[in-house]
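A.B. asks: Okay, here's the structure, questions in a sec.
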2 protein chains.
Amino acid sequence: MKFKLAFIGFGTVGQGLAKILVEKRELLKKKYKFEYDVVAVSDIKKGSVYNENGLNLEKLLELTKQTGKIESYESGIKGLSSLEVIEKSNADIILEVTWTNIETGEPGLTHMKKALGSGKHVVTTNKGPIALAYHELMETARKNNVFLRFEGTVLSGTPALNLSLEDLAGAYVKSIRGIVNGTTNYILTQMEKGATYDESLKTAQKLGYAEADPTMDVEAWDPVAKITILANAVMEGNIKPKDVEREGITHISLEDVKKAKDEGKRIKLIAKAWRENNEVKAKVSPEKVPLTDVLAHIGGPINALTFETDVLGDVTIVGPGAGGIEAGYALLSDMLAINRYLSEM
Amino acid sequence: MKFKLAFIGFGTVGQGLAKILVEKRELLKKKYKFEYDVVAVSDIKKGSVYNENGLNLEKLLELTKQTGKIESYESGIKGLSSLEVIEKSNADIILEVTWTNIETGEPGLTHMKKALGSGKHVVTTNKGPIALAYHELMETARKNNVFLRFEGTVLSGTPALNLSLEDLAGAYVKSIRGIVNGTTNYILTQMEKGATYDESLKTAQKLGYAEADPTMDVEAWDPVAKITILANAVMEGNIKPKDVEREGITHISLEDVKKAKDEGKRIKLIAKAWRENNEVKAKVSPEKVPLTDVLAHIGGPINALTFETDVLGDVTIVGPGAGGIEAGYALLSDMLAINRYLSEM
């Protein structure tokens, strides 16, 4: 099938997807019968271009690289707002890749509601809206007979959600437990090697694993958003980020790490969701994980999730948890899933 | 959707699926809109019953448990051969769960060809036919516009194939590496704890992890079949089991295991497939795996596979590799996938 795509947001993740789409265009057509035209790109900083007949994605990437803007693109309608693109463009799929806000979900939440409401599929890596309004958004998608897919909101491109929602369909997920934040796992791994918290954080910032303001990661807001999504989407829970018990890693000392090591354990920031009195609960906190647990051996920026099921016992997926290309790929994998479902056999 | 199912083979795996289908009937209908009638069960030892209007699966399980036969079932046509059921019944999906023969693939291979050729979907856990004739069978499925799905041929119900073929669609798999045989991994894990090879094998047999004749496992024929399937299906290779370099674990001594341990390593029976001069190659042999590799920490009968990809780096899945319920679940997960693809959104 051929899809018309609109990028809402064109930062690291959007550009990551764009690079993959350019590089794999022929392969995607040949192997999966997936074809695309990018009809719009709208970014609050870089500008907005729309052409119902399609834009040249390579040129847009080049312009972004050289000028940081896309408004000098040679043709098309300039200056449409994100909402105008969503509501008025001829796109089939809205790629919602604006920034994450886990307090209000905005502007992503409004983008998604408008897109689904106007009969467009939404594919996103934006954790805020999915963590805050999963059930409401899915209901809107169902009513409008379109897909809302969000693989990239958890473990970036590592297929944690498609695994648990589709491959593990029919299995009852009793609990979920894992390492869902690469920054903090990198810091804790460095501390295992003897570096202090402050030194480890600095290295993480140098390598691009941590932001200048690392609060979202080290205070565990990011893993809280992710476990909320997992609890609601995979375990049919009904919780909000504020319901999740939260403890970050800022108070973890080298002493603590060494003490755990002496007990044959490793400190990991563990996100988990479980069932209690017919309700789904969730928590994020540092735990001493025994070396017999696979999760103890997930080092650096790598992430992992264990799904405890009725028919299979534990199933664990391990892979990258961040990165522009990785998150960009998550968007592609979701679009290929839509393509499979909508295509004739 | 509602499907008419025919079981060809009703051993541990067939009964494993039957138990899950009985137990989850309401859930499958409610959550996935998946409904089924079992119209036929044909097993070379237990007999054959066909009723185009459906059989009572609970009664068939009960009869099997009590008498080891199903021919005393109260109604329906008795005594049809497997091929007669495949060709003449009104089943939509043939569940091919007869025994694995990796030299000829029979009788499974003929069953699958006939089923696909007569426009019926095939869902199977039978490694032989898929290892020997993957490309030919897929071509037959395509021509007849039906599905051939075989999740349970590798890592039983752990979704290794659906993960790599669907969730990782669009990613280029450079190599595959893992532990795909539970029996040998259990034996090697026991040897780590100090038991000899013979003692470990005996314990494995007592626990039902190893057969009375353990050749298929300990001489690595089983992992050879599995890596052949992965090489051909996931990496688009074109190899046969006989092309795979094969080395079992019968010559591994306690001494070897201890020596590896002293080097900070663990001996694991590793199955791998890689690309070399535009060809896909595969090998199964014991390897000393460093403790920095997640695979070193996969103990007992658990299996794991690492897919090395272009866009995500390494993605690893860990889960059970055997078991009647686990393999039975693999069949269900494949049927739920067919249901998703054939249903309207």
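The values are calculated or read from the model by the stated rules, or taken from the named source; none is laboratory data. This one's a predicted model, so the numbers in the text were calculated from it and none came from an experiment. Glycine gets a Cβ as well: all are built from the backbone with ideal geometry, and neighbour counts include every protein chain shown. Please note that ligands, DNA and RNA were not included when accessible areas were found on the heavy atoms of the full protein model with its side chains. Shrake-Rupley method; radii C 1.70, N 1.55, O 1.52, S 1.80 Å.
A.B. asks: Going through the stretch A:165-255, which trypsin sites (Lys or Arg not before Pro) have at most 11 other Cβ atoms within 10 Å and a DSSP loop state?
C.D. replies: A:Lys193
A.B. asks: 7 Å along Cα→Cβ for the label point: how many nanometres lie between A:Thr196 and each equivalent label in the other copies, listed shortest first?
C.D. replies: 5.6
A.B. asks: How big is the dipole moment of the stretch B:164-320 about its Cα centre under a simple scheme where the beta carbon of each Lys and Arg is +1, that of each Asp and Glu is -1, and everything else is neutral? Debye, nearest 20, please.
C.D. replies: Working: 20 positive and 25 negative charges, 47 e Å.
Using Cβ point charges on Lys, Arg, Asp and Glu, the stretch B:164-320 gives about 220 debye.
A.B. asks: So who's got an amide H within less than 5 Å of the one on B:Lys174, skipping anything under 5 residues away but keeping other chains? H placed 1.01 Å off N, in plane.
C.D. replies: Distant-sequence amide H within range of B:Lys174: B:Glu308, B:Thr309, B:Asp310.
A.B. asks: Could you pull out the pairs from A:Lys127/B:Lys31; A:Lys4/A:Lys88; B:Lys33/B:Lys226; A:Lys2/A:Lys226; A:Lys193/A:Lys259; A:Lys174/A:Lys240 whose alpha carbons sit more than 22 Å apart here?
C.D. replies: Numbers: A:Lys127/B:Lys31 25 Å; A:Lys4/A:Lys88 13 Å; B:Lys33/B:Lys226 32 Å; A:Lys2/A:Lys226 31 Å; A:Lys193/A:Lys259 13 Å; A:Lys174/A:Lys240 19 Å.
Check vs 22 Å cut-off fails for A:Lys127/B:Lys31; B:Lys33/B:Lys226; A:Lys2/A:Lys226.
A.B. asks: Suppose you put the label 7 Å out from Cα in the Cβ direction; list, shortest first and in nm with one decimal, how far A:Asn278 is from each other copy's label.
C.D. replies: Its label point is 6.4 nm from the equivalent points in the other copies.
A.B. asks: For chain B, what is the relative contact order in percent, using Cα pairs closer than 8 Å and at least 6 residues apart in sequence? Write out the running numbers ahead of the final one.
C.D. replies: On the way: 746 pairs, mean separation 67.4, N = 345.
Relative contact order here is 20 percent.
A.B. asks: Still on this structure, I have one more. Return the single residue from A:Gly68, A:Gly248, A:Gly76 with maximal mean-square fluctuation; model: Gaussian network over chain A, springs between Cα atoms under 10 Å.
C.D. replies: A:Gly68
A.B. asks: On a 32 Å Cα-Cα criterion, which of the cross-link pairs A:Lys281/B:Lys206; B:Lys114/B:Lys281; A:Lys206/A:Lys261 come out too long?
C.D. replies: A:Lys281/B:Lys206
A.B. asks: Could I ask something else about it? Need one number: buried accessible surface between chains B and A, 1.4 Å probe, both sides summed, DNA, RNA and ligands left out, in Å² to 100. Write out the running numbers ahead of the final one.
C.D. replies: Numbers: alone 15810 and 15810 Å², together 27820 Å².
The contact between A and B buries close to 3800 Å².
A.B. asks: Tell me, in nm to one decimal, what length is gained between B:Asn278 and B:Lys78 on full extension, where the rule is 0.36 nm per residue of separation less the Cα-Cα distance? Walk me through the intermediate numbers first.
C.D. replies: On the way: separation 200, 0.36 × 200 = 72.00 nm, distance 5.17 nm.
In short, 66.8 nm is gained.
A.B. asks: Subtracting the Cα-Cα distance from 0.36 nm times the residue separation, let me have the gained length for B:Ser285 to B:Lys174 in nm, one decimal. Please list the in-between numbers first.
C.D. replies: On the way: separation 111, 0.36 × 111 = 39.96 nm, distance 1.95 nm.
Between B:Ser285 and B:Lys174, full extension yields 38.0 nm more.
A.B. asks: Long-range amide H contacts for B:Asp37: which residues qualify at under 5 Å (H placed 1.01 Å from N, peptide plane, sequence gap of 5 or more or a different chain)?
C.D. replies: B:Phe3, B:Lys4, B:Leu5
A.B. asks: Same structure, new question: Rounded to whole Hz and in sequence order, give me ³J(HN,Hα) for the stretch B:261-277 from the Karplus expression 6.51 cos²θ - 1.76 cosθ + 1.60, θ = phi - 60°, writing x for Gly and Pro.
C.D. replies: 4, 4, 8, x, 10, 10, 7, 10, 7, 9, 9, 9, 9, 8, 9, 8, 6
A.B. asks: Taking the Cα-to-Cβ direction at A:Asp262 and at A:Lys33 and moving 7 Å from each Cα, how far apart do the two end points lie in nm?
C.D. replies: Once both label points are built, they end up 6.4 nm from each other.
A.B. asks: Just in the stretch A:255-345: which GluC sites (Glu not before Pro) are loop by DSSP and have at most 15 other Cβ atoms within 10 Å? Before the final figure, lay out the partial values.
C.D. replies: Numbers: sites: A:Glu255, A:Glu263, A:Glu276, A:Glu279, A:Glu287, A:Glu308, A:Glu326, A:Glu344; in loops: A:Glu263, A:Glu344.
Here the GluC sites (Glu not before Pro) that fit, given the DSSP loop and packing criteria, are A:Glu263, A:Glu344.
A.B. asks: In whole percent, what relative contact order does the stretch A:83-141 give with Cα contacts below 8 Å and a gap of six or more residues?
C.D. replies: Values: 83 pairs, mean separation 23.2, N = 59.
Across the stretch A:83-141, relative contact order equals 39 percent.
A.B. asks: Could you check the simple spin-label distance between A:Asn53 and A:Thr292, using points 7 Å along Cα→Cβ, in nm with one decimal?
C.D. replies: 6.8
A.B. asks: Also: Output the 0 to 90 degree angle, nearest 10, between the alpha-carbon long axis of helix A:197-206 and the longest principal axis computed from the alpha carbons of chain A.
C.D. replies: Taking the Cα atoms of chain A, the angle to A:197-206 is about 20 degrees.
A.B. asks: Now, a different point. When the distances between all Cα atoms of the stretch A:73-193 are binned every 5 Å from zero, what whole-number percent does each bin get?
C.D. replies: Reading upward from the zero bin: 2, 10, 16, 19, 18, 13, 9, 6, 4, 2, 1.
A.B. asks: In debye to the nearest 20, how big a dipole does chain B give about its Cα centre with +1 on each Lys and Arg Cβ and -1 on each Asp and Glu Cβ?
C.D. replies: 540
A.B. asks: Using a Gaussian network model of chain B whose springs link C-alpha atoms within less than 10 Å, name the residue from B:Ser42, B:Ser118, B:Ser75 with the highest mean-square fluctuation.
C.D. replies: Highest fluctuation among the options: B:Ser75.
A.B. asks: Under 5 Å between amide hydrogens, which residues at least 5 positions from B:Arg149 or on another chain qualify, with H placed 1.01 Å from N in the peptide plane?
C.D. replies: Amide H neighbours of B:Arg149, under 5 Å, 5+ apart: B:Val122, B:Val123, B:Thr124.
A.B. asks: Related question: Distances from B:Asp256 to the same position in the other copies: list them in nm, one decimal, shortest first, using label points 7 Å from Cα along Cα→Cβ.
C.D. replies: Reported distances to equivalent positions: 4.4 nm.
A.B. asks: I would also like to ask the following. Taking the Cα centre of the stretch B:249-332 as the origin and placing charges on Cβ (Lys, Arg +1; Asp, Glu -1), which of B:Val284, B:Ile267, B:Thr250 is farthest toward the positive end of the dipole?
C.D. replies: B:Thr250
A.B. asks: I've got another one for you. I need the Debye-formula profile for chain B: one equal scatterer per C-alpha, no solvent, reported as log10 I(q)/I(0) at q = 0.09, 0.10, 0.12 1/Å, two decimals.
C.D. replies: Each listed q corresponds, in turn, to -0.49, -0.61, -0.86.
A.B. asks: Separate question: Across peptide B:305-318, what mean number of C-beta atoms from other chains lies inside 10 Å of a residue's C-beta?
C.D. replies: Partner Cβ neighbours, averaged per residue: 6.
A.B. asks: Now for a different question. Considering only chain B, what is the antiparallel percent among its DSSP beta bridges, to the nearest 5?
C.D. replies: Numbers: 36 of 55 bridges.
Percentage antiparallel, nearest 5: 65.
A.B. asks: Work out, step by step, the length gained on full extension between B:Lys2 and B:Thr67: first 0.36 nm times the residue separation, then minus their alpha carbon distance; give nm to one decimal.
C.D. replies: Working: separation 65, 0.36 × 65 = 23.40 nm, distance 3.04 nm.
Working it through step by step, the gained length comes to 20.4 nm.
A.B. asks: Of all accessible surface on chain B at a 1.4 Å probe, what whole percent is carbon and sulfur?
C.D. replies: Values: 6590 of 13920 Å².
Heavy-atom surface of chain B belonging to carbon and sulfur, 1.4 Å probe: 47 percent.
A.B. asks: When the Karplus curve 6.51 cos²θ - 1.76 cosθ + 1.60 is applied with θ = phi - 60°, which whole-Hz ³J(HN,Hα) does each residue of the stretch A:174-179 get, with x for Gly and Pro?
C.D. replies: Result, ordered by residue: 7, 7, 10, 8, x, 10 Hz.
A.B. asks: Whole-Hz ³J(HN,Hα) for each residue in the stretch B:22-29, computed from phi via Karplus 6.51 cos²θ - 1.76 cosθ + 1.60 with θ = phi - 60°, x for glycine and proline: what do you get?
C.D. replies: So the Karplus estimates, Gly and Pro as x, are 5, 5, 9, 3, 5, 4, 4, 5 Hz.
A.B. asks: Tilt of helix B:127-143 relative to the longest C-alpha principal axis of chain B, in degrees (0 to 90, nearest 10)?
C.D. replies: 50
A.B. asks: Taking the Cβ of B:Lys193 as the center, what net charge do the other residues with Cβ under 13 Å away carry, scoring Lys and Arg +1 and Asp and Glu -1?
C.D. replies: On the way: positive: B:Lys258, B:Lys261, B:Arg266; negative: B:Glu192, B:Glu199.
Net charge around B:Lys193: +1.
A.B. asks: Name the residues of the stretch B:1-34 whose accessible area falls by at least 20 Å² when all protein chains are present instead of the chain alone, probe 1.4 Å?
C.D. replies: Flagged in the stretch B:1-34: B:Lys24, B:Lys31, B:Tyr32.
A.B. asks: Quick one: among B:Pro129, B:Pro107, B:Pro223, which has the greatest mean-square fluctuation in a GNM of chain B with alpha-carbon springs under 10 angstrom?
C.D. replies: B:Pro107
A.B. asks: Now a separate question. What number comes out for the charge environment of B:Ile338, summing +1 per Lys or Arg and -1 per Asp or Glu over other residues with Cβ under 10 Å away? Display every interim value, and only then the final one.
C.D. replies: Numbers: positive: B:Arg149, B:Arg340; negative: B:Asp92, B:Asp334.
In short, 0.
A.B. asks: What percent antiparallel are the DSSP beta bridges of the protein assembly as shown, to the nearest 5?
C.D. replies: Details: 75 of 113 bridges.
Restricted to the protein assembly as shown, the bridges split so that about 65 percent are antiparallel.
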